[in-house]
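Peer 1: The structure that follows is given in the form of structure tokens.
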Amino acid sequence: MASPTLKEQIRANRKEFIEKTAGLKLPGNIKVGALLLHGLTGMPNEMKPIERVLEELGCQVSVPMLAGHGAGQKELLDSGWKDWLQTGRDALAELSGTCDVVVIGGLSMGGLLPIPLALESSKVKGIVSMSPTIKYDSANSSNPMQVFLPLVDLLPFLGRWCYWTEEPPFGLKDERMQQAIIKQIEAYEKSKASGKKDHSANDFNPEQFRTYAGSIRELQKFIKVIKQLAPQVTCPALIMQSVEDTITTKWNAEELQRWLGSKDKKITYLEGCDHVLTMDLKKEEVAYYYAEFVCKVASQNAALAEKEASGV
């Protein structure tokens, strides 16, 4: 009997986790909120597969665009980690006004934002970090330039002049998505060179695949804060990491797990996907693990609420 092809394996994996996700259920006696935070240079649509699953479960979901994102590099470079954190803080305040329990999760740099937020609100009962970025240390990353980043503090113009350009596979195993990105870049460059507008490239900005030294330096400063705060976090934590990540290795997930003060802190390793877990070939599996964690946290807190109401 012939072994299943890669496509058949992917199809079977999707079917399995879509079916498993359909069996999840939130408790009925509490209102659950979910805050999803994208990564550096990313966009809220990175979180769409998880957002969809959580909304179907009955969560109130917030997926804000982080400060400085969604426009160009000038706007991003005019923002820093305190601005990115403030976006999450504002969204959390809104969710906390209507929800009993909030679970905060993020991707890459966004996977670090839940840590300070968890310390700012008693309603945050769980955090999720996907592909956490403490150090760009994998094959297709900005690792070679990072040792020079402190120079940005002395010579600020370097932060706006030096950048790392992400190249294929763009943190993705999905070859179709890789090819779509390459085509968009080619169409943009062709349109720019000819001076004629290409409607297929109108909404595409190749700067999304550039990370300037100034932004990476802000991330370095934020990581120092995270290292200090993480031991104070005691709520359950789920970390998801691809063992085939071409941007950040599993060292990042393991280091973050060591930092966290939580007793319940688990790393779920995945294969067959890359850094952008939420959009890649295992996105249904990622969404399932995320939703399963939310249901677990919600159930634990629903049980506590029932005990308190009964005076036990």
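Peer 1: Specify the residue that is nearest to Arg210 (Cα to Cα); the eligible residues are those in segment 58-112 that are of a type in the set (S, T, N, Q) and either surrounded by 24 or more Cβ atoms within 10 Å (Cβ to Cβ) or in contact with a helix residue (DSSP H, G or I) (Cβ under 9 Å, 6 or more places away or on another chain) (or both). Steps first, please.
Peer 2: Restricting attention to segment 58-112, the residues satisfying the condition of being of a type in the set (S, T, N, Q) are 60, 62, 73, 79, 86-87, 96, 98, 108.
Within this subset, residues satisfying the condition of being either surrounded by 24 or more Cβ atoms within 10 Å (Cβ to Cβ) or in contact with a helix residue (DSSP H, G or I) (Cβ under 9 Å, 6 or more places away or on another chain) (or both) are 60, 62, 73, 79, 108.
Numbers: Gln60: 33, Ser62: 26, Gln73: 8, Ser79: 16, Ser108: 15 Å.
Once the filter is applied, the top-ranked residue is Gln73.
Peer 1: Among (1) over 30 Å from Leu281 (Cβ atoms); (2) under 19 Å from the mean Cα position of the chain (by Cα); (3) of a type in the set (A, V, I, L, M, F, W, C), which single condition is Ala213 missing?
Peer 2: (2)
Peer 1: Please work out if Gln257 is touching a strand residue (DSSP E or B) at 6+ places or on another chain (Cβ under 7 Å) and either free of Cβ contacts under 8 Å to residues at least 24 places away in the same chain or in a loop (DSSP other than H, G, I, E, B) (or both). Please lay out each step first, then the result.
Peer 2: Details: touching a strand residue (DSSP E or B) at 6+ places or on another chain (Cβ under 7 Å): yes; either free of Cβ contacts under 8 Å to residues at least 24 places away in the same chain or in a loop (DSSP other than H, G, I, E, B) (or both): yes.
Yes, satisfied.
Peer 1: Could you identify the single residue in Gly111, Gly80 that is over 25 Å from Tyr289 (Cα atoms) and not hydrophobic (A, V, I, L, M, F, W, C)?
Peer 2: Values: Gly111 fails: over 25 Å from Tyr289 (Cα atoms).
Within the list Gly111, Gly80, the selection yields Gly80.
Peer 1: Any idea which of Pro156, Pro132, Pro168 is touching a residue at least 12 places away in the same chain (Cβ under 8 Å) and farther than 30 Å from Ile267 by Cβ?
Peer 2: Working: Pro132 fails: farther than 30 Å from Ile267 by Cβ; Pro168 fails: farther than 30 Å from Ile267 by Cβ.
The match here is Pro156.
Peer 1: If we keep just the residues of segment 160-192 that are touching a strand residue (DSSP E or B) at 6+ places or on another chain (Cβ under 9 Å) and of a type in the set (Ser, Thr, Tyr), which is surrounded by the most Cβ atoms within 10 Å (Cβ to Cβ)?
Peer 2: Tyr163
Peer 1: Would you point out which residue out of Leu92, Leu57, Leu117 is touching a residue at least 40 places away in the same chain (Cβ under 8 Å) and over 24 Å from Asn29 (Cα atoms)? Lay out the reasoning, then the answer.
Peer 2: On the way: Leu92 fails: over 24 Å from Asn29 (Cα atoms); Leu57 fails: over 24 Å from Asn29 (Cα atoms).
From the options Leu92, Leu57, Leu117, the qualifying one is Leu117.
A short reminder: the numbers here are calculations on the coordinates, not readings from a lab. Computed from a predicted structure; not experimentally measured. Heads up, the Cβs are rebuilt from the backbone with ideal geometry, glycines too, and the neighbour counts pull from every protein chain shown.
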